[in-house]
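All remarks here apply to the structure that follows.
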Amino acid sequence: MIAQDTESVVEITASAAGVAFGGNGPYNLSKLSALGIAEALHTELMTAGAIGKIQVVALCPTITNTNLLQSGEAATNGQVKAEMARNNDKVSDLTVKMFQARWAKSMTPDWVAQQVLKHVEEEKFYCILSNIEGVNSTYSDNMDARIAQRYSAMKSRQIAPYLNTETQQLAAMPMDIKKLKDGVAIITGSATGMGYAMGKKAKELGMNVVLSDVRQEPLSKAIRTLRMEKGNGRVEGFICDVTSEESLHALLKSTTTAFPGKSIQFIGANAGVIFTGSTILSGK
Ligand SMILES: NC(=O)c1ccc[n+]([C@@H]2O[C@H](COP(=O)([O-])OP(=O)(O)OC[C@H]3O[C@@H](n4cnc5c(N)ncnc54)[C@H](O)[C@@H]3O)[C@@H](O)[C@H]2O)c1
């Protein structure tokens, strides 16, 4: 992206679970790491003088209405769930029911995808989204209060003091998202949910879209559906398991082969799984 020297976006899907801890230890840890990667990437791009051209957005939604609870089992071929069962650390029916009740009344993936682009346009790094008005969920409410609590605990050790005035001004340059038109968007874990919704938004913007996922069947369906959505860009899709470096390299290679001469102007690092009932204590 740096070599391309065009306006580009790196979207990293963390979660509100990476901002304010709410149970589900291993998931929260992975999301805290995703947030840390986004922050570190932003700082490195700033040092490289690329901020203003390449924008990083850390997506931290609260509960969004997707099939995340179910897709993880298929994405891992039931392996993680089997290991959890071996550890006698079974998914509690009650937890699942509680999550599902909240899920049904939560934000839509399309709305979340729209917010990602809005945050890019407004040059905002943390895309922290609370549930839409009128929805009551103890986990998702009062995100601002939870953020304040966390930061008052962390006192001055925030990301902002890293910036000097000059780079801060550079970081505040708004991006014209129309400049992403004709570029290529690659999104991982985009067969369904928010990843797919981001692909749809990218296509609407006039981008070419590469969907990718570890699940073949929903991926094929997503490619067919997205091709019929608004936008003139081309849609391709490739199987990619983000836990394998080799698979990620193959995704990049397939993309550059499918779109020769086109710039990759949106990367969405979005794939993820959740297993309610998994704990740090059990190691799963
Ligand atoms: N739904 C929510 O409430 C919520 C809230 C905050 C963050 N998130 C995060 O949003 C992201 C997208 O999830 P979603 O809610 O849209 O659910 P989703 O299940 O529709 O999307 C996740 C996708 O990732 C894929 N995937 C899983 N493991 C993979 C791997 N190793 N390689 C490639 N793809 C893989 C799945 O097959 C699935 O298609 C995830 O990272 C999730 O943790 C979700």
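The values are calculated or read from the model by the stated rules, or taken from the named source; none is laboratory data. Note that this is a predicted model, so its numbers are computed, not measured. Please note: Cβ atoms are built from the backbone with ideal geometry, for glycine as well, and neighbour counts cover all protein chains shown.
Given LEU281, LEU205, LEU211, LEU170, which one is at pLDDT 95 or above and surrounded by fewer than 23 Cβ atoms within 10 Å (Cβ to Cβ)? Talk me through it step by step, then tell me what you get.
Working: LEU281 fails: at pLDDT 95 or above; LEU211 fails: surrounded by fewer than 23 Cβ atoms within 10 Å (Cβ to Cβ); LEU170 fails: at pLDDT 95 or above.
On inspection, the qualifying residue turns out to be LEU205.
Among the numbered conditions (1) assigned to a loop (DSSP other than H, G, I, E, B); (2) at pLDDT 85 or above, the only one that GLN114 does not meet is (1).
Looking only at segment 58-101, which residues are within 21 Å of SER33 (Cα to Cα), modelled with pLDDT under 85 and assigned to a loop (DSSP other than H, G, I, E, B)? Break it down stepwise before answering.
Step one: of segment 58-101, the residues within 21 Å of SER33 (Cα to Cα) are 58-64, 68-69, 72, 75-76, 80.
Then keep just the ones that are modelled with pLDDT under 85; that gives 62-63, 69, 80.
If the condition is that a residue be within 21 Å of SER33 (Cα to Cα), modelled with pLDDT under 85 and assigned to a loop (DSSP other than H, G, I, E, B), then THR62, ILE63 are the ones that fit.
Taking the criterion of being more than 11 Å from the ligand (Cβ to nearest atom), under 21 Å from PHE275 (Cβ atoms) and not hydrophobic (A, V, I, L, M, F, W, C), the residues of segment 23-66 that qualify are GLY23, GLY25, PRO26, SER33. In segment 179-203, the residues that are within 15 Å of the ligand (Cβ to nearest atom) form Cβ pairs under 7 Å with partners that are β-branched (Val, Ile, Thr) and assigned to a helix (DSSP H, G or I), at six or more places apart or across chains, as follows: ILE186/THR255; MET194/VAL112; ALA197/VAL112; MET198/VAL116.
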